[in-house]
Each structure stands twice: as structure tokens, then as C-alpha cells.
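We did not get these values from a lab; they are worked out from the coordinates using the rules stated. If you're wondering where the values come from, they're calculated on a predicted model, not measured in any experiment. Cβ placement follows ideal geometry from the backbone for every residue including glycine, while neighbour counts extend to all protein chains displayed.
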Amino acid sequence: MPDKKIRVLVAKPGLDGHDRGAKVIARCFRDAGFEVIYTGCHQTPEQIASAAIQEDVDVVGLSCLSGAHKYLFPQVVKLLQEQGAGDIAVIGGGIIPDKDMQPLYDAGLKAIFTPGAPLDSLVAWVNENIHPRA
Amino acid sequence: MFTEDVLNQSSSLRKKWEDEVKKVVAKSADQKPEWTTVSDLPIKRIYGPEDIKDMDFEKDIAYPGQYPYLRGNQPTGYRGKYWTFRMFSGMGSAAETNERWHYLLKTGQTGLSTAFDFPTLMGYDSDSPKAKGECGKCGVAIDTIDDFQTLVKGIPLDKITTSMTINPPATAIWAMYLASAEIQGVPINKVGGTIQNDMLKEFIAQKTLMCPPDASVKLISDTVEFGTKFVPRWNTISISGYHIREAGATAVQELAFTLRDGMEYVEDVIRRKGLDVDEFAPRLSFFFNAHIDFFEEIAKMRAARRIWAKAMKERYKAKDPRSLWMRFHTQTAGCSLTAQQPYNNVIRTAVEALAGVLGGTQSLHTNSLDEVLCLPSDHAVQIALRTQQIIAEETGVANTIDPLAGSYFIEALTNEMEEKAWEYIHKIDDMGGMVKAIENGFPQLEISDASYRYQKQIDAGEKIMIGINKYITDEEVEIPLIEIDDSVETEQIARLHEVKRKRDNRHVTECLKDLAQACKKGENVMPFCIEAVKAYSTVQEICDVYREVYGEYRDPGIY
């Protein structure tokens, strides 16, 4: 397969402005050779889904530290599915209590990374699990 | 600072010591080649008289209450009064937070500090589609003065000072506080407290955003003017480095950007409001982070006092000593805590709090061990508060003022932080000021460089976080997690709708129209805000006026 780059949308849904993690991830993905689009803070799930489709990304990385992930993350997955883009993988990170993990996976999140996860582990996960869509 | 003799003695003894070091290191190398602060500032193996020989005791050090206030503003230090034990709290509904406040005051806390939820912080009501899932999660939800009165129920507003971490809607929330005081029968010239009200650091770091930078600064200058004239005991801005640091800045960046933000506000109030610097500068307050690198933090706080005094005296020609005082609150570093082995956070917080105290803070929040995971539980808050009480009343560190002064290392590090901060400050001056620098993305990019570098150092094991990249254990620690139930949202929305149903909607519309007019004419918005909140206008209704008149600012997503 020709070397098509993996395209990633790093997005911050909701109202929290704790963007340190999201920005570090965006840089790290860029350094890993992915094509990165970063939305900035305060995106609605609708804005994120539509950016993901317009930018034709392979994976969406969501970051939320406010506790609103339970609503926001599944909502992005649902909107992508509704718009026929269910093949775009959605992963997430932030302050996610253990007991919220399974419900998020059940809602269609493909991976969840919590504080302390080394950057390499994220890049490795993406390289292993995400393939540029045709 | 030293006589020629002392310097000669030091030089010859130092030479001997260096030779010894060389011998030892030749046999067994140091544990690592470079020793740096958490901010990557290189630290020497030892400091001596030569490192501070150019200091002038009178000009650079002096005594507390004396220019340049390096050693503190007050001549009596902590003997007259300990720092204020001020724990940041807010959760769920106004009633729940009020209950927590009464608990904290009973436990020995001496001032209140309010955490609002994200919709309130961003100027949206609880029923806004943008607020979905966020209501009451990270703080208390406030929509109208009805909620606010519940929040301060039973709190004597003429005795307890309250700090409110609120930025874009600061005018509306402050108006609610002032109106609530009036309703309690306390005249507004008697109430004391703080609104954070520092938008520049929002653009730089914390990202609760509403209007573009220039309009945001205008609203802040309105509050400064109003406070100066009518609420003289209120700190109308808490110029904050805390969030800048949490976003990944180094200690020097925190110091420089915060103080340059402060200078921007001073310049704006003088230019826009025509006030004399001494009329308003005494009420400017600051807020710093106490991170894990002990000496670096102490040096940063000492340097902050000296830089501010110099800037106020030399740049702005302030004459009142109170204008030269940097008064600040400190919070221990949330970003230094780990979700792994969370009880270790108690130790980190204690060390950081001690740095804050040795740095001479006037007010302190200590993080709870569970803050990485959730809102703090009562038990965790109590340990955090006890940490301060132990430092104050058991350790003896408050016995004497600025106990580390005169240390070769501390003074040299203080000087170095100051020099490096001025370099940044002058660079920002050259860009045309902080608003311009923010528009250019300068501080944002400096911080994101630093935070990315730090993360890579952690991943490479060059910087250590116990439990993250060293001494990792698999054992699960059970921490009781506080969770805000989704019913908070439904109940809050019901309360909001009830208030909207009962209020005189025609009067609300008139008040909001008047506010819009004031914005367009460039008048001070505060009197109009107070009228609007008394009529039960919501936080969002007031903020929508600002967004309408001044335009809405969106995060450009610079990384």
C-alpha cells in the first residue's frame, strides 16, 4: 500500500479549557508523521463530527477533563454513525473514572487513555489499529 | 554584599572544594550529568558569595515592608496574621455548595473561594444546548441571583471574604454578589473579596472565552473603576499565573506572563479610565502556582514581589507603597499530582504548600489528594486543610519572616528568575503589549513548547514523577469518588425556568437593552449589570449582550 498518512482530528468537546493534554497529543501525533488537525477548545459534538467528515480523517481523538465525557464522547460516535461515517474511529482521553470505561467502549469508543499514558503508547495504538481509509 | 577579604577567602576555599569534587567525580560519576529544576533551569552544584556579590543590600534585599518588598509587604510577617486558609470549592447546586462552605468554615477555614461549573464560567445558562452534560460537574451552577442568594445563605458578607474564580461573566457574578450583600443589609463599601476577572490569562492558558481581547480588557477596566469608586475593599482582578503554569509553562514563563498581564491592566485603566495609578493599584492582587520544585517556587514568589514593586515605581510612577505591594494567593500544583498512588499527592501538596509559605503567600489553597480523579471528598479536603494548619502551627516556619533570605542559592536563583522574567517582559513590550502578543500567539506557543518538552522528558525518564515513570505499582487504591448526579442538571434547569416564569420579563428586557446601550457608548457596565441581575436576568442573558455588541472570540487552537 502506498504510504498514505494517517489523518487525525484532535478535538476538545464541551466547555472545559484544559487543553494541555490535547495540544501535547496533537504535537506528538504530528511528530509521529500523522496529519493532524486540532479544533481548539469548546467544540460541540456536531462541530466535531462535521469537521471529521469534511477533513476526511481516519481517527478522532477527544479530550475532556470536565466530567462531561459520559455525554460528549458517545454523542460524537453517534453523530458520525448517523452521517454514514461510522468507520472513523473515535478514541478519547482525560479524567475518566474506571467505572465509566466500559460504558464508553460499549458506546463505540475504540480506546481510552488516562493520565500517565506515555505518548509512545498512543502512537503505537494508532499505528497498530488505524489504517488510512481508501 | 561582601568585603574583598571574604570574596578572596571564598575564592580560595572554593578552589579547594572544586578540586575535591573533581577527584570524587573522577572515581564515581554523579548520578546524572545535568541537574535542573522542574522547569529545566540548570542548577549549580553549589552557590557561594560570588553568586550574589553584585547585590546591593538596600536596593535589592532590605527588610519586610521596605522597597523593593522582596521580603514581604507587611513588617510583621505571619506573626500578625497567618496567610488566609482559602480552599477552592464548589459543586453541584448552590445549596450543596453552601453546605460545603459552612462545613469548611466550621473546620477552621478563614476565607471562601468559589468554583463555578463550566457553563457558568463560559457565560451559558444551565439550559443552553452547550451546557449539556456539564451542569454542576466541576463547580457550582449559577444562573440567576436566586441561585446566588442560596449560595451565600448564612454567610456574613461583611465578615467573610469570598474569592470567585470567574472571568468572562465576572461583571454579572460580581453584580450578583453586590446585590446579595445589599439584600443582606451590608453596604457595598463594606464587602471584601476577590473576582479573578483576568481575561488575558484565559487567552493564554485557561480558555474560558467570550469576547475578543480588547473588549475583554475594557470590561475588566470597568470593574476596576467601579471598585475604586464604590467597593474599595474588593480586589477586582486576581492576576493569575496559576493556570499559565498548569497549562505547561515554566516557572519563569508563569512569572513573566503574569506580571506582564498585570502591567497591561494597569496601562489600560490609566489610558481608558484616566485614573491615577495610586487610586486603583493597591487593590490589584495576584495568584501563583506552587509547583513541586521547592526552591524554584520560593525564588519565583520572591522575584515576583521585587519585579512588581520596581515596575509600579519605575514604569508607572506609583507613589503609594500599597501600589507597590504584590499581594498574592497561591494554589499547589494540580498538574504535579498523579492518579496513580494517589496518597502520594498528600506529600506533594505539603511540600508545595511549604514553598508557598516560605515564598510569603497571603492566601493558600492546598489541593486534595483525590483532585486528579474527581471533586474532592470531605475527608480529602480535611487532610488538605490540615496540611496548612500543621505548617502554620506546628512546624515553626512562620516564626520568622522570609527565613531563606540571604541564602546564596535562594538569592541567586531569585535574581536569575527576575532577569529571565524581564527578558520576556521586554520582548512583549516590543511586540506592542500583551494583547498584541496574544494575538500573535506568542505566549501560547512558548507554553506549548514547554509543556511538550516536559512530557517528552517524562516519557524518557529524564524528569521523574513517582508512580508514572518510576516506582510504578499495579496495586489498585480505592479512593471514594464524589460524583455529581445528572439530576443536578434537571433540577437546576427546573429552577431556572421557575425564576424565568416568575420574573417581570419586560423589566428584564429593558435592563438588558440599557446594558447593551452602555456597552455601545463605552460607559461603565457595572451599574447596568447590578440592575439587570436584580431583575433576575441570567448570566447568559448578560453575556449574550456582550457577545452581541463586542463579538464572540473562538479559541484559535494554537499548538
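Odds and ends about this structure:
- Along chain B, longest interval not containing exposed GluC sites (Glu not before Pro), exposed being DSSP loop plus at most 16 other Cβ atoms within 10 Å: B:35-393
- Here the translational diffusion coefficient of chain A follows from Stokes-Einstein with Rh set to the Kirkwood radius across Cα pairs; for 25 °C and 0.890 mPa s it amounts to 169 µm²/s.
- Centroid-to-centroid separation of the stretch B:180-243 and the stretch A:72-96 [C-alpha atoms, Å]: 38 Å
- Helix B:539-550 and the longest principal axis of the C-alpha atoms of chain B enclose an angle of approximately 80°.
- Annotation: for a label point projected 7 angstrom from Cα along Cα→Cβ of residue B:390, residues of the stretch B:345-374 with backbone N closer than 11 Å are B:346-351.
- Mean partner shielding of peptide B:447-458, defined as the number of other chain Cβ atoms within 10 Å of each residue Cβ, is 4.
- Residues listed by number, the stretch B:314-328, amide nitrogen under 13 Å from residue B:81 label point at 7 Å toward C-beta: B:327-328
- The simple Förster model, with R0 at 41 Å and r as the Cβ-Cβ distance, assigns residue B:13 and residue B:464 a FRET efficiency of 0.80.
- Acute angle (nearest 10 degrees) that the helix B:94-106 long axis makes with the longest principal axis of chain B, alpha-carbon atoms: 40 degrees
- Other residues whose C-beta falls under 11 angstrom from the C-beta of residue B:491 contribute a net charge of -4, scoring Lys and Arg +1 and Asp and Glu -1.
- What the Cβ-Cβ distance of residue B:547 and residue B:498 gives, at R0 = 30 Å and to the nearest 0.05, is a FRET efficiency of 0.75.
- The distance separating the Cα centre of the stretch B:472-517 from that of the stretch B:359-429 comes to 33 Å.
- Largest GNM mean-square fluctuation among A:66, A:121, A:50, using chain A with Cα springs under 10 Å: A:121.
- The stretch B:273-313 versus the stretch B:123-146: alpha-carbon centroid distance in Å: 33 Å
- Distance cut-off 25 Å, percentage of C-alpha pairs in the stretch B:332-464 lying past it: 49 percent
- Förster-model FRET efficiency, 41 Å R0, residue B:158 and residue B:473, C-beta, rounded to 0.05: 0.20
- Shielding by partners - mean other protein chain Cβ count within 10 Å, residues of A:19-30: 6
- For chain B, the spread of Cα positions along each principal axis, largest first, Å: 84, 59, 45
- Bins of 5 Å from zero: percent of alpha-carbon pairs in the stretch B:487-550: 4, 19, 27, 21, 14, 10, 5, 1, 0
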